[in-house]
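Colleague: Sharing a structure with you now.
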Amino acid sequence: MTSSLPPGLLPEGLSDRLPAAAEASARLTRDVLDTVAAHGYGRVMPPMAEFEETLTRRLQSAGAEDLLRVVDPISQRTLALRPDMTAQVGRIAATRLARAPRPLRLCYAGPVMRLRADQLHPERERMQIGAELVGSDSVSAAVEIVNMAIEALQSAGVPGITIDFTLPDLVDVLGDGPLPVAAEAREALRDRLDAKDAGAVAALGQGAAAYLPLIAVTGPFHAAMDKLEAIDAGPAKGAIASRIAGLRAIAKPIGWDITLTLDPTERHGFEYQSWFGFSIFAEGFIGEIGRGGSYAIQRDDGSMEPAMGFSLYPDPLIDAGFGRSEEKRLFLPLGHDADRARVLRGEGWVTVAALSDGDDGRALGCGHWLRDSEPAAY
């Protein structure tokens, strides 16, 4: 028994973008890439698929369980569609551009594919746009990355931006120092702090109760920083003073119109980040639209190279209309002046030429038509 799929049916989590949305996606991507390119970031374009073993070796933000796999008929090896482009940029930096001067500034844009969706992000294919600064994870690098991410979103017309800072290695720093916690208990402690579950933290024992004050260190940036500084001056004994100073320095140049918050024990999505991480939110949208921070890239000799970067996932912005613009569409009747039409296109008009006497400019989305060599409204 055979069955045929409806001609317009697509796999779950995949969708078409029709002309208006596709153009909005291209325009928003271009706005972001033009912004980072103006800061000296060169664009790279890694392939959609790589050998599975090569890709999984460098995947940090996504695990092997996120991979959609196929068999390459030529090499007979398993290929994997990328679930994240950051790993590919890391590969390029560590191999093809291993001898390029540092800091190395790279940017990218393209679709990524995950094996499964989740309730917050039901789409399996998403656009990812980002920038990576390889060779430094300093405060200065963080200042550049955070402010460039904000500038890129503002250039795309996104209002109501919130930056939420976190310290991904906070438990390790304190656990190795003034607030000892056994290594085998730290993952559970991170999870419970991330969930803000005070009872579960206290129940861990092994010194975990000393971390309870960190649950209250969340919210508006300056008030939360005061609480964090009080902890550092008390039980933390100055162990996180450098990180606090770094956060202050990163926040200082950010404009007053950007909302800043702090959640130093936020862990979800920052499993591979080192000392610094941040999430990006926009007013009116559920969930983050991007994230970034410091991490390390593995060179082929096994050594680790520091890096800093951010990734944006703009599909919710595109669906909400960001990147769209009103086009001046001009209908060109049969026998029109081609030279005049060329001049008008140079002035910003989108021209739609008649192919037969039956073509209707208004039905084709045009608000004007060419009459006596000049645009005239219908």
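The values are calculated or read from the model by the stated rules, or taken from the named source; none is laboratory data. Since we're looking at a predicted model, the values are computed, not measured. FYI the Cβ positions are ideal-geometry reconstructions off the backbone, even for glycines, and counts take in every protein chain you see.
Colleague: Can you name the condition, by its number, that Asp16 falls short on among (1) touching a Gly at 6+ places or on another chain (Cβ under 9 Å); (2) surrounded by 13 or more Cβ atoms within 10 Å (Cβ to Cβ)?
Modeller: Against the list (1) touching a Gly at 6+ places or on another chain (Cβ under 9 Å); (2) surrounded by 13 or more Cβ atoms within 10 Å (Cβ to Cβ), Asp16 comes up short only on (2).
Colleague: Another question, then. Got at least one residue in the stretch 304-311 being farther than 25 Å from Ser15 by Cα, charged (D, E, K, R), within 32 Å of the chain's Cα centre (by Cα) and crowded, with 18+ Cβ neighbours inside 10 Å? Step through it out loud before you land on a result.
Modeller: So the first thing to find is which residues in the stretch 304-311 are farther than 25 Å from Ser15 by Cα, and the list is 304-310.
Subset that is charged (D, E, K, R): 305.
Now drop any that are not within 32 Å of the chain's Cα centre (by Cα), which leaves 305.
Subset that is crowded, with 18+ Cβ neighbours inside 10 Å: 305.
Scanning the stretch 304-311 turns up at least one residue that is farther than 25 Å from Ser15 by Cα, charged (D, E, K, R), within 32 Å of the chain's Cα centre (by Cα) and crowded, with 18+ Cβ neighbours inside 10 Å.
Colleague: Being among the aliphatic types (A, V, I, L, M) and closer than 19 Å to Gly309 by Cβ is the filter; apply it to the stretch 45-61 and report the residue that is modelled with the highest pLDDT.
Modeller: Looking at the filtered set, the residue picked out is Met45.
Colleague: Another question about this same structure. Which condition number in (1) buried (at least 19 other Cβ atoms within 10 Å of the Cβ); (2) modelled with pLDDT under 95 is the one that Leu262 fails?
Modeller: With respect to (1) buried (at least 19 other Cβ atoms within 10 Å of the Cβ); (2) modelled with pLDDT under 95, Leu262 is out only on (2).
Colleague: Continuing with this model, one more query. Quick one: is Ala142 among the aliphatic types (A, V, I, L, M) and in contact with a strand residue (DSSP E or B) (Cβ under 9 Å, 6 or more places away or on another chain)? Break it down into steps so the answer makes sense when it comes.
Modeller: Working: among the aliphatic types (A, V, I, L, M): yes; in contact with a strand residue (DSSP E or B) (Cβ under 9 Å, 6 or more places away or on another chain): yes.
Answer is yes for this residue.
Colleague: Within the stretch 26-44, is even one residue farther than 30 Å from Glu326 by Cα, among the small types (Gly, Ala, Ser), touching a residue at least 40 places away in the same chain (Cβ under 8 Å) and touching a Ser or Thr at 6+ places or on another chain (Cβ under 9 Å)?
Modeller: For the stretch 26-44, residues farther than 30 Å from Glu326 by Cα, among the small types (Gly, Ala, Ser), touching a residue at least 40 places away in the same chain (Cβ under 8 Å) and touching a Ser or Thr at 6+ places or on another chain (Cβ under 9 Å): absent.
Colleague: So, one more: Quick check, is Leu59 surrounded by 18 or more Cβ atoms within 10 Å (Cβ to Cβ), in contact with a strand residue (DSSP E or B) (Cβ under 6 Å, 6 or more places away or on another chain) and under 20 Å from Ile129 (Cα atoms)?
Modeller: Details: surrounded by 18 or more Cβ atoms within 10 Å (Cβ to Cβ): yes; in contact with a strand residue (DSSP E or B) (Cβ under 6 Å, 6 or more places away or on another chain): no; under 20 Å from Ile129 (Cα atoms): yes.
Taking the combined requirement at face value, the residue does not satisfy it.
Colleague: How many residues does the stretch 332-367 contain that are surrounded by 15 or more Cβ atoms within 10 Å (Cβ to Cβ) and either within 39 Å of the chain's Cα centre (by Cα) or in the same structural domain as Ala24 (by TED's automatic domain parsing) (or both)?
Modeller: 6
Colleague: Is it true that some residue in the stretch 37-44 is in a loop (DSSP other than H, G, I, E, B), of a type in the set (Val, Ile, Thr) and either surrounded by 15 or more Cβ atoms within 10 Å (Cβ to Cβ) or modelled with pLDDT of 90 or more (or both)? Give the steps one after another, and end with the answer.
Modeller: Taking the stretch 37-44 and keeping what is in a loop (DSSP other than H, G, I, E, B), we get 38-41, 44.
From what is left, the residues that are of a type in the set (Val, Ile, Thr) are 44.
After this cut, where a residue has to be either surrounded by 15 or more Cβ atoms within 10 Å (Cβ to Cβ) or modelled with pLDDT of 90 or more (or both) as well, the list is 44.
There is at least one residue in the stretch 37-44 that is in a loop (DSSP other than H, G, I, E, B), of a type in the set (Val, Ile, Thr) and either surrounded by 15 or more Cβ atoms within 10 Å (Cβ to Cβ) or modelled with pLDDT of 90 or more (or both).
Colleague: Still on this structure, please answer the following. Let me spell it out: the conditions are (1) crowded, with 19+ Cβ neighbours inside 10 Å; (2) acidic (Asp, Glu); (3) more than 35 Å from the chain's Cα centre (by Cα), and Asp315 meets all of them except one. Which number is the exception?
Modeller: (3)
Colleague: Looking at the stretch 170-200, which of its residues are in contact (Cβ under 8 Å) with a residue 60 or more places away in the chain, surrounded by fewer than 20 Cβ atoms within 10 Å (Cβ to Cβ) and within 30 Å of Arg105 (Cα to Cα)?
Modeller: Answer for the stretch 170-200, where residues must be in contact (Cβ under 8 Å) with a residue 60 or more places away in the chain, surrounded by fewer than 20 Cβ atoms within 10 Å (Cβ to Cβ) and within 30 Å of Arg105 (Cα to Cα): just Val173.
Colleague: Continuing with the same structure: If you check Glu271 against the conditions, is it among the acidic types (Asp, Glu), closer than 29 Å to Tyr313 by Cβ and buried (at least 20 other Cβ atoms within 10 Å of the Cβ)?
Modeller: Numbers: among the acidic types (Asp, Glu): yes; closer than 29 Å to Tyr313 by Cβ: yes; buried (at least 20 other Cβ atoms within 10 Å of the Cβ): no.
Spelling it out, it is not the case that Glu271 is among the acidic types (Asp, Glu), closer than 29 Å to Tyr313 by Cβ and buried (at least 20 other Cβ atoms within 10 Å of the Cβ).
Colleague: I'd like the full set of residues that are farther than 20 Å from Asp263 by Cβ and acidic (Asp, Glu), limited to the stretch 181-208.
Modeller: Glu184
Colleague: Still on this structure: Picking from Trp275, Trp256, which residue would you name as being assigned to a loop (DSSP other than H, G, I, E, B) and free of Cβ contacts under 8 Å to residues at least 24 places away in the same chain?
Modeller: Working: Trp275 fails: free of Cβ contacts under 8 Å to residues at least 24 places away in the same chain.
Selected residue: Trp256, the only one of Trp275, Trp256 that is assigned to a loop (DSSP other than H, G, I, E, B) and free of Cβ contacts under 8 Å to residues at least 24 places away in the same chain.
Colleague: Taking Arg340, is it in a helix (DSSP H, G or I) and modelled with pLDDT of 95 or more?
Modeller: On the way: in a helix (DSSP H, G or I): yes; modelled with pLDDT of 95 or more: yes.
The answer is yes for Arg340.
Colleague: Does the stretch 159-176 contain at least one residue that is more than 21 Å from Thr261 (Cβ to Cβ) and either modelled with pLDDT under 90 or in contact with a His (Cβ under 7 Å, 6 or more places away or on another chain) (or both)?
Modeller: No.
Colleague: What pairs come up if the first residue lies in the stretch 218-232 and is in a helix (DSSP H, G or I), the second is of a type in the set (Ser, Thr, Tyr) and surrounded by 18 or more Cβ atoms within 10 Å (Cβ to Cβ), and their beta carbons are under 9 Å apart, counting only those six or more places apart or on different chains?
Modeller: Going by the 9 Å Cβ cut-off, the qualifying pairs are Phe221/Thr261; Ala224/Thr218; Ala224/Thr261; Lys227/Thr218.
Colleague: Here is a follow-up. Quickly run through the stretch 301-337 and pick out the residues that are assigned to a loop (DSSP other than H, G, I, E, B), farther than 30 Å from Arg102 by Cα and aromatic (Phe, Trp, Tyr). Outline the logic, then answer.
Modeller: Going through the stretch 301-337, the residues assigned to a loop (DSSP other than H, G, I, E, B) turn out to be 301-303, 313-314, 320-327, 333-337.
Narrowing the set further to residues that are farther than 30 Å from Arg102 by Cα leaves 320-327, 333-337.
The one that is assigned to a loop (DSSP other than H, G, I, E, B), farther than 30 Å from Arg102 by Cα and aromatic (Phe, Trp, Tyr): Phe322.
Okay, residues lined up against (1) under 30 Å from the mean Cα position of the chain (by Cα); (2) outside the structural domain of Asp137 (by TED's automatic domain parsing); (3) not small (Gly, Ala, Ser):
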residue: Ala203; (1), (2), (3): no, yes, no
residue: Tyr211; (1), (2), (3): no, yes, yes
residue: Pro220; (1), (2), (3): yes, yes, yes
residue: Ala233; (1), (2), (3): no, yes, no
residue: Lys237; (1), (2), (3): no, yes, yes
residue: Ile240; (1), (2), (3): yes, yes, yes
residue: Arg243; (1), (2), (3): yes, yes, yes
